[in-house]
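Notes follow once the structure below has been shown.
The values are calculated or read from the model by the stated rules, or taken from the named source; none is laboratory data. Predicted model only: the values in this text are computed from it and were never measured. Here the Cβ is made from the backbone with ideal geometry for all residues, glycine too, and neighbour counts use every protein chain on show.
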Amino acid sequence: MKQNRKPQAHNDSWKEEDVRRFGKFLILPVVVIVLIFIILAADRKNRPHPEETASAEETAPSETEPASEAPEETQAEAFTVGGVPEVQALMDRYFTAKQNADAEGIYQMFGWTDLTGIEELRRQLQYDARYTEGYRNITCYTRPGLAEGSYLTYVTYDLKFKGSLTLAPGILWNYVVMGEDGNYYLTDSASLDEAALACIREGEAEDEITLLKTQIYARLRQALEDDPSLAESYSIIERQGGSAGAAQEETTAQNEVTIQIGP
């Protein structure tokens, strides 16, 4: 808090002893001014002509060297939405095959020639189809992988359950690669080397992916709380191990968002 201070009385008159005490200091400015005029005059006399100065500046070598540019830091590319149409088309076919219980189609998309487990996958897809009507709003978030033609891909979707108007959102990821035939394929994470897995872990730690998964989880939780019929159908499929597919397909969808309901 500011305090009001009483102004002190000021005496504008100088006493004789004050004049004597400070008089010698009053003489200094006069001396300084005279010296300044002398220096300026000498400087003007010795100053080179403007044309001479310009010529000297043109011929004088530059004393300053250009600063060396600091090496740019390599930053991982951001995920783009729908940036790779071929990957989007692959994921559209994948979800269509899931809904149609097309186990052979899914095996082809993974490039699997060993048909071990295909009947188990078909039965699981057929069971899921009894409660679902299809996948909608499929959106791909892609970022280039390590090799040319490879992409770390996150896919968000909405699953329509029968008997419910509320859509159940979900998310999964896959490391998509281009085959020797020029086509894109899904991969089983068990078949990837450590470099590719490190690339996946790096993408998993990105803020935009963390936020995306959090948003999907929140939407799914809200949908299940608001729609009892959706929650019932969802829990049935979860108890049967569905939603994310079966056996080998589950290994490629480890990050699919699911919520356990009931025991």
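Given the conditions (1) of a type in the set (V, I, T); (2) more than 23 Å from the chain's Cα centre (by Cα); (3) loosely packed, with under 12 Cβ neighbours inside 10 Å, report the number of the one that T214 does not fulfil.
Of (1) of a type in the set (V, I, T); (2) more than 23 Å from the chain's Cα centre (by Cα); (3) loosely packed, with under 12 Cβ neighbours inside 10 Å, only one is false for T214: (2).
Can you go through G203, G163 and tell me which one is in a loop (DSSP other than H, G, I, E, B) and either small (G, A, S) or at pLDDT below 95 (or both)?
After ruling out the rest, the residue left standing is G163.
Would you pick out the residues in segment 60-114 that are among the charged types (D, E, K, R), at pLDDT 95 or above and closer than 29 Å to I209 by Cα?
Those that are among the charged types (D, E, K, R), at pLDDT 95 or above and closer than 29 Å to I209 by Cα: E86, D92, R93, K98.
Of the residues Y94, Y107, which single one is more than 17 Å from L172 (Cα to Cα) and crowded, with 18+ Cβ neighbours inside 10 Å?
The conditions single out Y107.
Starting from residues that are crowded, with 23+ Cβ neighbours inside 10 Å and of a type outside the set (F, W, Y), keep the ones in segment 151-170 and report whichever is nearest to E133 (Cα to Cα).
L159
Quick one: how many residues across segment 173-194 are free of Cβ contacts under 8 Å to residues at least 12 places away in the same chain and outside any helix (DSSP H, G or I)? Let's see the steps before the verdict.
Of all residues in segment 173-194, those free of Cβ contacts under 8 Å to residues at least 12 places away in the same chain come to 180-183, 191, 193-194.
Checking the rest, the ones that are also outside any helix (DSSP H, G or I) come to 180-183, 193.
Residues in segment 173-194 being free of Cβ contacts under 8 Å to residues at least 12 places away in the same chain and outside any helix (DSSP H, G or I): 5 in total.
Among all residue pairs at least 6 apart or on different chains, which show Cβ distances below 7 Å where the first residue, located in segment 195-214, is more than 14 Å from G145 (Cα to Cα) and the second is in a helix (DSSP H, G or I)?
Short answer, once both residue conditions are applied: I209/G203.
Tell me yes or no: at least one residue of segment 228-235 is part of a loop (DSSP other than H, G, I, E, B) and either more than 14 Å from the chain's Cα centre (by Cα) or acidic (D, E) (or both).
no
Out of G163, G170, G149, I need the residue that is of a type outside the set (D, E), touching a residue at least 60 places away in the same chain (Cβ under 8 Å) and on the phi > 0 side of the Ramachandran plot. Which one?
Among G163, G170, G149, only G163 is of a type outside the set (D, E), touching a residue at least 60 places away in the same chain (Cβ under 8 Å) and on the phi > 0 side of the Ramachandran plot.
Working only within segment 110-134, note down all residues that are closer than 25 Å to Y175 by Cβ and not in a helix (DSSP H, G or I).
G111, W112, T113, D114, L115, T116, G117 - these are the residues of segment 110-134 that are closer than 25 Å to Y175 by Cβ and not in a helix (DSSP H, G or I).
Tally up the residues in segment 215-233 that are farther than 17 Å from L172 by Cα and either small (G, A, S) or in contact (Cβ under 8 Å) with a residue 60 or more places away in the chain (or both), please.
Total satisfying the criteria: 7.
Of the residues that make up segment 182-190, is at least one of a type in the set (S, T, N, Q), at pLDDT below 95 and surrounded by fewer than 21 Cβ atoms within 10 Å (Cβ to Cβ)?
Yes, some residue in segment 182-190 is of a type in the set (S, T, N, Q), at pLDDT below 95 and surrounded by fewer than 21 Cβ atoms within 10 Å (Cβ to Cβ).
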